[in-house]
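Asks: Handing you a structure now.
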Amino acid sequence: MNKRTSLSLAMATGLLAACGGGDALATLACTDTTTAKLNIPNLQVASAVEVAASGVLPAHCKVTGALNARTGIDGKQYAIGFELRTPLAAAWNGKFFFQGGGGTNGFIVPATGNLLNAPTGTALERGYAVASTDGGHNTGQSDVSFGIDPQARSDYGYNAVGQVTLVAKKIVQARYGQAPARSYLLGCSNGGRDAMVASSRFADQFDGYVAANPGFNLPKAAIAEQWDTQQFMSAATPGQLPKDAFPASAMNLVAQKIIAKCDALDGVADGMVNERVACQAAFSIANDVATCTGAPDASCLTAAQKTALQNVFGGARDSANRSLYASWPMDPGVSGQNWRFWKLDAGFAPFPFNTLIGAGAMGYIFSTPPDAPSLADGGIGYQLGFSMDTAAAKISAKTGIYKESALDFMTPPNPTQLGTLKTHGKLIVVHGTADPVFSANDTMAWYDALKAVDAAAPNYARLFLVPGMNHCAGGPATDRFDMLTALENWVEKGTAPDAVRATVNAADPDVMAAGWPAKRSRPLCAYPKQAMLESGATDTEEAASFECR
């Protein structure tokens with residue numbers, strides 16, 4: 001009997017005892033959802049309170065608690081914190097929703113059920129019971145020192161999702177007297193990674209997943225964060241930081257040149273690049289962006305700027321020119337505010353967010369043994385001194401204390417071998433082609449490899465690319481779409497999504513800067529198809545005028 005089965009049986013036995021036994025579990029009142037009544041091993045319920053309806057959120061029961069409290073090897077106290085919100089019995093839709101995390105986790109995001117890019121609503125409003133977790137540490141996102149503790153690493157990478165899922169579903173069963181009929185996991189960024197990892201590790205626990213802009217190769221992407229900073233700084237003059245070496249005008253120029261070369265390839269000049277394959281072949285920074293002959297201005301880039309950008313978009317490499325992470329698509333979304341926030345200028349600090357979060361994550365969580373660098377300078381020193389030959393190799397290293405490498409605990413095991421998912425569930429992956437954190441090229445390569453292994457992969461896994469979209473949202477893009485409904489229709493009705501209608505966020509500054517109409521919509525097409533203007537179509541602002549081909 002494996003550990004998961006043993007835990008499930010122990011919880012079921014405890015719940016039966018707590019609720020009176022019999023063929024069906026009795027309904028457990030919200031305020032009776034206590035440690036003693038649940039009798040689940042290693043669970044401590046901190047509170048269970050009835051929350052009145054407020055604004056758009058319905059009345060519900062909010063349970064907070066922790067699993068597996070312990071002392072780490074660093075002497076700090078750890079536990080897997082979680083929150084579970086369950087609607088009133090009459091409002092419950094019979095389903096369970098796990099809300100994926102983000103960044104380095106470290107705190108519990110209210111379990112209302114973030115629907116990612118959906119224009120409105122939450123899963124709780126739709127009648128779901130919703131769970132979220134802090135990933136096994138409550139230090140906040142700015143403190144990555146939990147990476148010193150090997151179990152905290154594993155909890156962050158996968159174990160917190162696995163453990164909380166089992167416990168939350170048992171509490172749901174106790175509350176309503178029946179287990180959820182369907183279970184879904186949705187997340188973006190690290191939450192998207194949660195979804196892809198769960199589709200491999202915990203595929204028997206969920207019926208469907210939405211993995212948006214997923215960091216499923218996060219340790220390798222972290223190497224790229226160090227690489228990018230080194231490249232941007234190579235074009236900096238003394239006293240400059242990445243934001244100074246690459247002002248907004250520089251990336252606006254690159255975006256304009258991409259549009260000039262690629263915009264009309266999909267049949268309409270609309271400021272969007274849907275014909276991504278032809279664009280990657282047609283556009284080059286070397287040939288299509290002017291080189292400054294004098295002082296740099298908004299019409300040209302210096303030779304150093306062009307070299308740096310070519311290196312960034314070409315992907316991280318070691319001194320032997322071996323690839324360490326994927327290349328990046330050339331997309332007009334590189335002018336987006338979110339792209340700049342991550343790659344060049346976080347705004348609230350003088351460094352890019354890829355430095356502020358990337359240096360610590362690399363040094364404490366993804367390096368074995370941990371480098372534990374000083375981050376007093378914001379992480380810029382660690383990034384500039386990072387060796388692509390020696391330090392990068394630490395993501396695959398193990399020791400007697402750290403028995404799992406970063407690649408072991410952060411990435412999906414055998415990501416192209418998804419046999420349980422194939423028989424049990426569906427996976428929708430969404431990725432913006434101008435994501436500055438995780439490369440859409442890496443996600444496309446994964447999906448191509450999955451289909452190479454199993455030609456039937458589209459029957460259980462589909463990829464949707466969002467032209468122009470930055471990390472999770474933003475950029476000049478149609479970044480408003482409802483993937484939960486698409487997933488429900490696939491799982492519950494057998495209707496596989498070939499295209500999903502997407503609209504703009506009219507209030508987005510990148511959309512306003514592009515001058516796009518508020519009514520613009522486009523189809524997001526199941527990869528490898530792309531949205532192309534139909535022959536004879538005249539309304540170029542309506543999704544129905546485009547077809548996937």
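The values are calculated or read from the model by the stated rules, or taken from the named source; none is laboratory data. Here the structure is a predicted model, which is why all the values come from computation and not from measurement. Cβ placement follows ideal geometry from the backbone for every residue including glycine, while neighbour counts extend to all protein chains displayed. Keep in mind that these areas ignore ligands, DNA and RNA; they rest on the heavy atoms of the full protein, side chains included. Shrake-Rupley method; radii C 1.70, N 1.55, O 1.52, S 1.80 Å.
Asks: Accessible area, 1.4 Å probe, largest first: how do 498, 435, 454 sort?
Replies: Values: 498 100, 435 5, 454 25 Å².
Heavy-atom accessible area, descending, gives 498, 454, 435.
Asks: Accessible surface of residue 529 in the full protein assembly, 1.4 angstrom probe, to the nearest 10 Å²?
Replies: Answer for residue 529: close to 110 Å² accessible.
Asks: Report D for the stretch 279-332 in µm² per second (integer): Stokes-Einstein, Kirkwood Rh on Cα pairs, 37 °C, 0.692 mPa s. Mind showing how you got there, number by number?
Replies: On the way: Rh = 12.4 Å.
The diffusion coefficient I find is 265 µm²/s.
Asks: State whether the stretch 65-125 is rounded, prolate or oblate according to the following rule on the C-alpha gyration tensor (a ≥ b ≥ c being the square roots of its eigenvalues): a/c under 1.5 gives rounded; otherwise a/b larger than b/c gives prolate, and the remaining case gives oblate.
Replies: Details: a/c = 4.20, a/b = 1.87, b/c = 2.25.
Oblate shape, in that a/c is at least 1.5 and b/c is the bigger or equal ratio.
Asks: Can you work out the accessible area per residue across the stretch 412-458, with the rest of the protein chains kept in place, probe 1.4 Å, in square angstrom? Display every interim value, and only then the final one.
Replies: Working: 1580 Å² over 47 residues.
Here the residues of the stretch 412-458 average 34 Å² of exposed surface.
Asks: If eta is 0.692 mPa s and T is 37 °C, what Stokes-Einstein diffusion coefficient results for the stretch 200-285, Kirkwood Rh from Cα pairs, in µm²/s? Can you show the working numbers first?
Replies: Values: Rh = 16.6 Å.
Answer from the Stokes-Einstein relation: 198 µm²/s.
Asks: Could you state the principal axis extents of the C-alpha atoms in the stretch 46-90, from the largest down, to the nearest angstrom?
Replies: Cα extents, longest axis first: 45, 19, 11 Å.
Asks: Now for a separate question. How big is the stretch 454-519 on each of its three principal axes, counting only the C-alpha atoms and giving the largest first in Å?
Replies: 42, 23, 15
Asks: Now for a separate question. For 399, 31, what's the largest-to-smallest order of accessible area, 1.4 Å probe?
Replies: On the way: 399 55, 31 85 Å².
These residues rank, largest area first, as 31, 399.
Asks: I would also like to ask the following. Which value in Å does the Kirkwood hydrodynamic radius of the stretch 315-411 take, with 1/r averaged over all unlike C-alpha pairs and then inverted? All intermediate terms of the calculation are to be shown ahead of the outcome.
Replies: Details: mean 1/r = 0.0676 Å⁻¹.
Result for the stretch 315-411, one decimal place: 14.8 Å.
Asks: Could you point to the residue in 303, 535, 75 farthest towards the positive end of the chain's charge dipole, with +1 and -1 charges on the Cβ of Lys/Arg and Asp/Glu respectively?
Replies: 75
Asks: In units of 2.2 N^0.38 Å, what is the alpha-carbon radius of gyration of the stretch 77-197?
Replies: Rounded to two decimals, the normalised Rg is 1.04.
Asks: Of 501, 201, which has the most accessible area with a 1.4 Å probe, and how do the rest follow in descending order?
Replies: On the way: 501 130, 201 65 Å².
These residues rank, largest area first, as 501, 201.
Asks: Follow-up question, since we're still on this one. Expressed as cubic angstrom per residue, what is the convex hull volume of the alpha carbon set of the stretch 382-521? It would help to have the intermediate numbers written out before the result.
Replies: Numbers: hull volume 23.6 nm³, N = 140.
Here the figure is 169 Å³ per residue.
Asks: Rounded, prolate or oblate: which fits the stretch 233-337 when a ≥ b ≥ c are the square roots of the eigenvalues of the alpha-carbon gyration tensor, with rounded for a/c under 1.5 and prolate only if a/b beats b/c? All intermediate terms of the calculation are to be shown ahead of the outcome.
Replies: Numbers: a/c = 2.04, a/b = 1.26, b/c = 1.62.
Here the stretch 233-337 falls in the oblate category.
Asks: Quick check: pseudo-label points 7 Å beyond the Cα along Cα→Cβ at residue 252 and residue 49, how many nm apart are they?
Replies: Reported label-point gap for residue 252 and residue 49 is 4.8 nm.
Asks: Could you work out the local net charge near residue 79, counting Lys and Arg as +1, Asp and Glu as -1, over the other residues with Cβ closer than 14 Å to its Cβ? All intermediate terms of the calculation are to be shown ahead of the outcome.
Replies: Working: positive: 70, 76; negative: 83, 134, 149, 155.
Every neighbour counted, the sum reads -2.
Asks: What is the ratio of the Cα radius of gyration of the stretch 362-454 to 2.2 N^0.38 Å, with N the residue count, to two decimals? Each step should come with its number before you reach the end.
Replies: Details: Rg = 16.9 Å, N = 93, 2.2 N^0.38 = 12.3 Å.
The reported ratio for this selection is 1.37.
Asks: Given the chain, what whole percent of its Cα pairs are spread farther than 44 Å?
Replies: Working: 25188 of 150426 pairs.
Cα-Cα pairs in the chain separated by more than 44 Å: 17 percent.
Asks: Compute the length gained on full extension between residue 288 and residue 310: take 0.36 nm times their separation in residues and subtract their Cα-Cα distance, giving the result in nm to one decimal. Intermediate values should be presented prior to the final figure.
Replies: Numbers: separation 22, 0.36 × 22 = 7.92 nm, distance 1.22 nm.
This chain segment gains 6.7 nm when fully extended.
Asks: Lys and Arg at +1, Asp and Glu at -1: add these up for the other residues within a Cβ distance under 13 Å of residue 118 and post the number.
Replies: Values: positive: 126, 480, 501; negative: 125, 479, 482, 488.
Result for the local shell: -1.
Asks: Quick one: accessible area per residue over the stretch 213-339, 1.4 Å probe, rounded to a whole number of Å²? Walk me through the numbers on the way to the answer.
Replies: On the way: 4810 Å² over 127 residues.
On a per-residue basis, the stretch 213-339 sits at 38 Å².
Asks: What accessible area, in Å² to the nearest ten, does a 1.4 Å probe give for residue 299?
Replies: 70
Asks: Under unit Cβ charges (Lys, Arg +1; Asp, Glu -1), what dipole magnitude, rounded to 20 debye, does the chain have relative to its Cα centre? Kindly include the intermediate steps, with their values, before the conclusion.
Replies: On the way: 41 positive and 46 negative charges, 243 e Å.
The dipole magnitude comes to about 1160 debye.
Asks: On the accessible surface of the chain, probed at 1.4 Å, how many percent belong to carbon and sulfur atoms? Display every interim value, and only then the final one.
Replies: Details: 10660 of 20120 Å².
That fraction is 53 percent.
Asks: Oh, and also: Counting Lys +1, Arg +1, Asp -1, Glu -1, what net charge surrounds residue 50 among other residues with beta carbon under 13 Å of its beta carbon?
Replies: Numbers: positive: 62, 85, 175; negative: 32.
Result for the neighbourhood of residue 50: +2.
Asks: Return a whole-number percent for the relative contact order of the chain, with Cα pairs under 8 Å and 6 or more residues apart as the contact set. It would help to have the intermediate numbers written out before the result.
Replies: Working: 1246 pairs, mean separation 70.4, N = 549.
With pairs under 8 Å counted, the relative contact order is 13 percent.
Asks: Provide the solvent-accessible area of residue 128, counting protein heavy atoms only and rolling a 1.4 Å probe, rounded to the nearest 10 Å².
Replies: Here the residue's solvent-accessible area equals roughly 0 Å².
Asks: Could you estimate the translational diffusion coefficient of the stretch 398-448 from the Stokes-Einstein equation, with Rh from the Kirkwood formula over C-alpha pairs, at 4 °C and 1.567 mPa s, in whole µm²/s?
Replies: On the way: Rh = 13.5 Å.
It comes out at roughly 96 µm²/s.
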